[in-house]
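Quick notes on the structure that follows.
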Amino acid sequence: MRLGQTPPTHLTPRNSPIVAPTILVGVDLGVPNFDSELEELGLLAQTAGLTPVARITCKRRAPDAALFIGSGKADEIKLLAQQHGATEILFDQSLSPGQQRNLERHLELPVNDRTYLILEIFAQRARSHEGKLQVELARLQYLSTRLVRRWSHLERQTGGAGVRGGPGEKQIELDRRMIDETIKRTKERLSKVKRQRQTQRRQRERRDAFNISLIGYTNAGKSTLFNALVKARAYAADQLFATLDTTTRQLYLGDAQRSVSLSDTVGFIRDLPHGLVDAFQATLQEAVDADLLLHVVDASNSNYTEQIAQVQSVLAEIGADQIPQLLVFNKMDALPAELQPVRMEDTYDLHGVQTPRVFVSARENLGMPLLRQRLASVASAAPGASSVDEYSPEPHGAGS
């Protein structure tokens with residue numbers, strides 16, 4: 001596929017109402033967070049416009065160098081796809097370019113991995129100029145690693161009179177050079193956007209603004225909480241990655257008699273592609289420069305402890321793990337009666353640190369006055385400082 005040509009159907013954004021029946025594949029390599037039911041992958045697939053029609057998992061000590069899975073399991077997947085009329089195979093792990101090529105030849109169907117799926121969702125959801133640039137950079141970086149083996153026709157040579165590229169230059173070399181040049185231009189444009197953001201942050205610092213960033217696992221309810229706090233109309237939906245672009249509003253806290261800057265950031269997810277972490281640094285910089293991180297957790301999700309760990313991992317990667325946090329356990333209205341909190345405010349053990357926690361339901365406006373009071377007590381401190389650590393209520397068990 002030459003750069004600029006129409007890509008294959010399985011590589012195009014899914015903006016049409018036609019959905020592709022897809023087989024979901026998960027390989028248990030002994031990692032603690034293996035999703036045996038492939039629930040999250042299924043939600044990601046539906047978000048991207050795919051229709052999961054069957055799921056299959058297997059265990060391996062290590063990935064197969066050629067097919068990631070064994071040839072026997074590959075035959076089983078091929079038969080399953082034929083039975084269900086599947087037109088695409090989706091893996092819950094990242095595949096190497098060679099494994100992806102070999103699988104497509106063996107299965108005779110398009111094969112994609114979790115990394116590509118997340119990139120495609122981001123491409124569909126990005127709305128701002130900065131967001132689109134960030135997604136484009138991540139997708140180009142992903143594509144550049146797929147040029148080596150995936151499209152064998154790129155190995156033909158080009159060149160000669162009237163043809164771009166030097167004599168004898170292979171098509172793959174030309175495409176790689178064009179992608180590298182596009183990546184360079186995109187990085188330069190992103191650097192310009194980043195400088196503009198730094199100017200905006202310096203202006204807020206001169207006004208002694210107190211900056212709060214909403215963070216959390218995707219679909220934890222960050223945008224719903226953001227709307228409830230600042231009476232905004234940011235897009236919020238019960239789906240993964242409903243919000244990609246950072247939105248900042250002023251929040252007035254009556255108890256503190258001051259306004260603070262509140263930012264809604266992109267949600268995190270397990271195995272977030274490193275290319276996205278790098279490409280979205282300008283957006284995630286809002287979290288790095290925050291005075292307080294409002295860490296939103298979906299209290300109704302049975303895997304919330306693993307989701308918290310994933311968020312903490314990304315925070316450490318972007319250098320924001322030392323910023324004070326306030327845990328907001330959202331969606332308490334979805335908890336069964338036996339799991340309703342005894343107290344609306346307590347502490348939670350976050351890597352050995354007793355971190356303040358508040359239970360709320362942003363959708364039903366439960367616990368919101370208490371959250372505002374808590375934010376006001378923090379904002380009452382001097383700019384750049386936080387009174388979070390000074391608060392030590394009686395510790396309470398998670399989710400009880």
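The values are calculated or read from the model by the stated rules, or taken from the named source; none is laboratory data. All figures in this text were calculated on a predicted structure; none of them were measured in a lab. Glycine also receives a Cβ, built like all others from the backbone with ideal geometry; neighbour counts cover every protein chain displayed. Calculation scope for accessible area: heavy atoms of the full protein, side chains included, ligands and nucleic acids excluded. Shrake-Rupley method; radii C 1.70, N 1.55, O 1.52, S 1.80 Å.
Summary of computed values
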| item | result |
| --- | --- |
| Residue list for region 81-107, filter: open to solvent by 50 Å² or more (accessible area, probe 1.4 Å) and either farther than 18 Å from Thr145 by Cβ or free of Cβ contacts under 8 Å to residues at least 12 places away in the same chain (or both) | Gln82, Gln83, His84, Thr87, Arg105, His106 |
| Cross-chain or 6+ apart pairs with Cβ under 6 Å, region 114-128 first and among the charged types (D, E, K, R), then at pLDDT 85 or above | Arg114/Asp92; Glu120/Ala48 |
| Residues of region 191-221 classified as touching a helix residue (DSSP H, G or I) at 6+ places or on another chain (Cβ under 6 Å) and at pLDDT 85 or above, total | 6 |
| Residues of region 311-329 classified as touching a residue at least 24 places away in the same chain (Cβ under 8 Å), over 23 Å from Pro341 (Cβ atoms) and either crowded, with 19+ Cβ neighbours inside 10 Å or of a type in the set (A, V, I, L, M) (or both), total | 5 |
| Counted residues, region 210-227 - those being more than 11 Å from the chain's Cα centre (by Cα) and not aliphatic (A, V, I, L, M) | 9 |
| So Gly319, is it more than 22 Å from Gln257 (Cβ to Cβ) and modelled with pLDDT of 95 or more | no |
| Test: residue in region 367-384 that is aliphatic (A, V, I, L, M), modelled with pLDDT under 90, surrounded by fewer than 19 Cβ atoms within 10 Å (Cβ to Cβ) and closer than 16 Å to Leu214 by Cα | no |
| Selection count, region 3-34, where residues are at pLDDT 85 or above, over 17 Å from Phe68 (Cα atoms) and either within 20 Å of the chain's Cα centre (by Cα) or among the hydrophobic types (A, V, I, L, M, F, W, C) (or both) | 1 |
| Residues of region 43-89 satisfying the condition of being assigned to a helix (DSSP H, G or I) and in contact with a Phe, Trp or Tyr (Cβ under 8 Å, 6 or more places away or on another chain) | Thr47 |
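Residue-by-condition table, conditions (1) open to solvent by 30 Å² or more (accessible area, probe 1.4 Å); (2) modelled with pLDDT under 65; (3) more than 21 Å from Leu90 (Cβ to Cβ):
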| position | (1), (2), (3) |
| --- | --- |
| Thr115 | no, no, no |
| Arg125 | yes, no, no |
| Val163 | yes, yes, yes |
| Gly168 | yes, yes, yes |
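Listed here are the residues, each with its yes/no results for (1) open to solvent by 50 Å² or more (accessible area, probe 1.4 Å); (2) modelled with pLDDT under 95; (3) more than 18 Å from Leu109 (Cα to Cα).
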{"residue": "Leu41", "(1), (2), (3)": "no, yes, yes"}
{"residue": "Leu44", "(1), (2), (3)": "no, yes, yes"}
{"residue": "Leu50", "(1), (2), (3)": "no, yes, no"}
{"residue": "Val53", "(1), (2), (3)": "yes, no, no"}
{"residue": "Phe68", "(1), (2), (3)": "no, no, no"}
{"residue": "Asp75", "(1), (2), (3)": "yes, no, no"}
{"residue": "Leu79", "(1), (2), (3)": "yes, no, no"}
